[in-house]
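The values are calculated or read from the model by the stated rules, or taken from the named source; none is laboratory data. Remember, predicted model here, so these are calculated numbers, not experimental data. Note that we place each Cβ from the backbone using ideal geometry, even for glycine, and neighbour counts take in every protein chain shown.
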Amino acid sequence: MFAHQKLDDLNEYFLNGSDRPGKSVYFYRICGYNDNIRRFLVQYYEEAAKSGVVIEGRIPNPDERNLDYYEEVMGLDFRPDVDFLDISLKKWLPRMGERQRKQVASAIYDSLTAMRKAGKNENMLKNAYIKFMCWLYYRFERVVNQLGGARFPKILYEGAISRYELDMLHILSGAGCDIVLLLLQGEASYRKTDPDSAVSRQLALPDMADFPEGFDIRWLRRELEADRNQTQVCGSPPQLRGCTNTWMEGKGLADILKPVSARGKEDGVYYNCFLRMSGVEDKLTYQNDLYRFWMELSGSGRKIVIVEQEMTAPSNEEIGTIRRKPCDSLDSLIPELSKNIVFGGNMELQKIMRFAFIETMREEAAGSTGNLSRLTGRAVYLLCWLKRYQDQLFAGWDVSRPGCFIYLGGCKSDNEAFFLRFMGRLPVDVLILVPDLNRPCRLRSDRLYELRYETSMELQRFPRQDAGVHMPTVAYHAERELDTLLYQDTGMYREQQFQKAASMTLQPIYEEISILWNAEMKYRPGFEVTDSIVNMPVIFAKVSGVKDGRVKEYWAEVDKLLSQETILVPGGPCLRPHENNPMKAYVTQFLKKGKLQRSKIKEHPAYTYGVLREEIQEHILDKLQLLLDQRIIRGTYENGTEYTILATVLNLSKNMVRILQRFDFTKRNPKLVYIHTSDFLIPLEDSILAAFLNLVGFDVVFFIPTGYQCVEKYYNRQIMEEYRIGEYMYDMGIPGFDSNSVNARRSWRDKVFKRGDRRWD
């Protein structure tokens, strides 16, 4: 009898019997998915379909016709002993070899004996015996002559399995047959049949996930057919096959420097690494280690490509070089796109690239919804980047000196991760460096070798001779370490620590506005920092009416809200539609398919925000994009209002720009106080400005003693809170608000509005 052997590698399923330890077979159930399992199942299905048995669903019970024929040939005799079973099998399956027959007879006997011990009576044993005999004849005849041979037959079973079916497979396994149970719905049902896992082993591999939607034996069948189509398009598979990471010793950079001769000596194999190093082992030596690594790597004559922080998106010119035809299926799309991979210098390398592309595309399709348009876009990016880098990595390719692709910063997008998964299949070393643990890498792959260190540090450029190496001192690192201790998860924040923020409008009662007004962001309810993004609780309110008609007290309450960081609009409008706006004539150039063309904006001569901190510029543009995307302003993408939004936001006053430059997302935020006491309509531009400042992080309060509609009539939905604090009053004069902080405001206001002060009534 054959014993169930434990697997070290799925490929052991395909070893000949003579290459296995002792008399061993494999009987595993697979309940999860990863790329390695996908590849294995495609190959296993092919072998089972060719010379074994594939079972989808259940093994049908013998029908009346099957039983009649059995009775006609075999009669109704039954004895649960090995000799009887051997004689019966010889008569029932005369083409079965003697060795296989004795193995099967012994296996059936063991199964019947186990049933008797479990309490089955003689009649039950007989029924089980007849069922086994019918199944052997009608369902498994093609494998019985191969049992225990040089090449073990394969059985692939998909679906929930019954006790008798499991016993049948156990019999065949004991007689020399490999078996895989594909349990797409998990193993809860299986555990009811075999609670102690006595019959089969559960496969456990790292990074196993749920099976993708639509994955089943039919999917494997289509995948195999696609392989055949692939061979027709691309020719025979490459002669060289990859051996990724298995030779590595966990020494990081030292592993990559290891020459190919020390990695392995098997013919027809290229040895490459696919490595990500997250964090740093030692801040003091990290940059120097990278520099020495680069020096040694370059000195060995190996090709090197270094990408820092992000892979620049393909240009229109690069995309235009990718040939593609309309395809209605994945099977036609992948071979078509693979034709873009051309490397005339070495046809074997070209073949490796094409097959790697096909495998990566199938992997991506299996792990997603399979949207053809999205897959096409992702493939085009991959092909553009390959064309960009292939000459740098593979010119004069020598398998004994693999190139090295280094990405510093970690993948920022799924397109980048997709490209690197492809690169990890090529005869090139791929090194992803993620020293800053606060900037996660989007790459996920079961083929990836991961080294992780607990220490984090920022590094923008890879240290090499032409990169202007900056080597930090011990004191510098000590300061950064103290910085981490003080400002990481402590509730304390250094000046302008964060670069990204999102606003959240508070819903206080009216009396709370004055309490919250001067509070720093970090002390307001709802403030938090998640993934280095500050959640800013801000006020956006309209105050209607005058409490008890007391005008003096009303203006005193307004005065309490004024400070150096407050922009006061006394009477309005703040922005006039016909005022000079140098950006207005160009805004149609800055928007394409609803997305800001940021590079065009920043490069335009009329763009005045270039003096601001880079993070503030991006903050402004992020919120401008958000204002457009959310269609807060009525008419956005309907009558050209989107261009009015761009012109308004890209032409903020100098005072407002300076306030934004000083803005620290964790501290006191800037303010806008807008007073409107008359009957004229507030212009669209003012409503745009108010909504934008709310998104940017300003507190914005409108004082409308008349209760008339102001900016809200331009909004598609309610985005500010309204408070009616008293009776409506009309034609109120606006005082001058004499205070030290107001003088500066008054000069700004006078400049913009050309108005003098008005005293309290």
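Some observations on this one:
- Answer residue from the range 585-606, given it is over 26 Å from the mean Cα position of the chain (by Cα) and in contact (Cβ under 8 Å) with a residue 24 or more places away in the chain and is farthest from residue 626 (Cα to Cα) among those: 606
- Flag for residue 173 being in contact with a helix residue (DSSP H, G or I) (Cβ under 6 Å, 6 or more places away or on another chain) and among the hydroxyl-bearing types (Ser, Thr, Tyr): no
- Helices (runs of 4 or more DSSP H) wholly inside the range 16-119 containing at least 2 residues that are hydroxyl-bearing (Ser, Thr, Tyr) and within 19 Å of residue 155 (Cα to Cα): 35-51
- Residue that is farthest from residue 521 (Cα to Cα), among those in the range 535-557 that are buried (at least 19 other Cβ atoms within 10 Å of the Cβ) and aliphatic (A, V, I, L, M): 546
- Residue within the range 563-577 that is farther than 26 Å from residue 665 by Cβ, without any contact (Cβ under 8 Å) to a residue 24 or more places away in the chain and assigned by TED's automatic domain parsing to the domain that holds residue 665 present: no
- Selection within the range 241-288 - within 30 Å of residue 439 (Cβ to Cβ), of a type in the set (A, V, I, L, M, F, W, C) and without any contact (Cβ under 8 Å) to a residue 24 or more places away in the chain: 254
- Condition met for residue 191 (among the basic types (Lys, Arg) and surrounded by 18 or more Cβ atoms within 10 Å (Cβ to Cβ)): no
- Test for residue 678: is it free of Cβ contacts under 8 Å to residues at least 60 places away in the same chain and assigned by TED's automatic domain parsing to the domain that holds residue 559: no
- Count of residues meeting criterion [of a type outside the set (A, V, I, L, M), touching an Asp or Glu at 6+ places or on another chain (Cβ under 8 Å) and within 17 Å of residue 654 (Cβ to Cβ)] in the range 548-597: 2
- Summed over the range 79-112, the residues that are hydrophobic (A, V, I, L, M, F, W, C), surrounded by fewer than 18 Cβ atoms within 10 Å (Cβ to Cβ) and under 16 Å from residue 134 (Cβ atoms) give a count of 1.
Table: residues versus (1) among the polar types (S, T, N, Q); (2) touching a strand residue (DSSP E or B) at 6+ places or on another chain (Cβ under 7 Å); (3) at pLDDT below 90.
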site: 67; (1), (2), (3): no, no, no
site: 74; (1), (2), (3): no, no, no
site: 98; (1), (2), (3): no, no, yes
site: 116; (1), (2), (3): no, no, no
site: 130; (1), (2), (3): no, no, no
site: 133; (1), (2), (3): no, no, no
site: 136; (1), (2), (3): no, no, no
site: 154; (1), (2), (3): no, yes, no
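Each row is one residue, and each column tells you yes or no for (1) assigned to a loop (DSSP other than H, G, I, E, B); (2) modelled with pLDDT of 90 or more; (3) assigned by TED's automatic domain parsing to the domain that holds residue 107.
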{"residue": "169", "(1), (2), (3)": "no, yes, yes"}
{"residue": "172", "(1), (2), (3)": "no, yes, yes"}
{"residue": "176", "(1), (2), (3)": "yes, no, yes"}
{"residue": "181", "(1), (2), (3)": "no, yes, yes"}
{"residue": "185", "(1), (2), (3)": "yes, no, yes"}
{"residue": "207", "(1), (2), (3)": "yes, no, yes"}
{"residue": "227", "(1), (2), (3)": "no, no, no"}
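- Considering only residues in the range 158-214 that are free of Cβ contacts under 8 Å to residues at least 40 places away in the same chain and in contact with an Asp or Glu (Cβ under 8 Å, 6 or more places away or on another chain), the one that is nearest to residue 24 (Cα to Cα) turns out to be 166.
- Some residue of the range 278-296 being touching a strand residue (DSSP E or B) at 6+ places or on another chain (Cβ under 7 Å), at pLDDT below 95 and under 14 Å from residue 404 (Cβ atoms): no
- Cβ separations smaller than 7 Å between residues 6+ apart or across chains give the following pairs from the range 21-45 residues that are under 21 Å from residue 150 (Cβ atoms) and of a type in the set (Gly, Ala, Ser) to residues that are in a strand (DSSP E or B) and modelled with pLDDT under 90: 22/3; 24/3.
- Filter result for residue 70 (more than 23 Å from residue 199 (Cβ to Cβ) and not hydrophobic (A, V, I, L, M, F, W, C)): yes
- Look at (1) within 18 Å of residue 135 (Cα to Cα); (2) touching a helix residue (DSSP H, G or I) at 6+ places or on another chain (Cβ under 7 Å) and you find that residue 69 fails only one, number (2).
- Set side by side, the residues 459, 482 differ, and just one is at pLDDT 60 or above and more than 27 Å from residue 623 (Cα to Cα), which is 459.
- Just one residue in the set 115, 124, 133 is more than 25 Å from residue 49 (Cα to Cα), surrounded by 18 or more Cβ atoms within 10 Å (Cβ to Cβ), assigned by TED's automatic domain parsing to the domain that holds residue 31 and not aromatic (Phe, Trp, Tyr); that residue is 115.
- Where residue 624 falls short, out of the listed (1) in a loop (DSSP other than H, G, I, E, B); (2) in contact with a helix residue (DSSP H, G or I) (Cβ under 8 Å, 6 or more places away or on another chain); (3) not β-branched (Val, Ile, Thr): (1)
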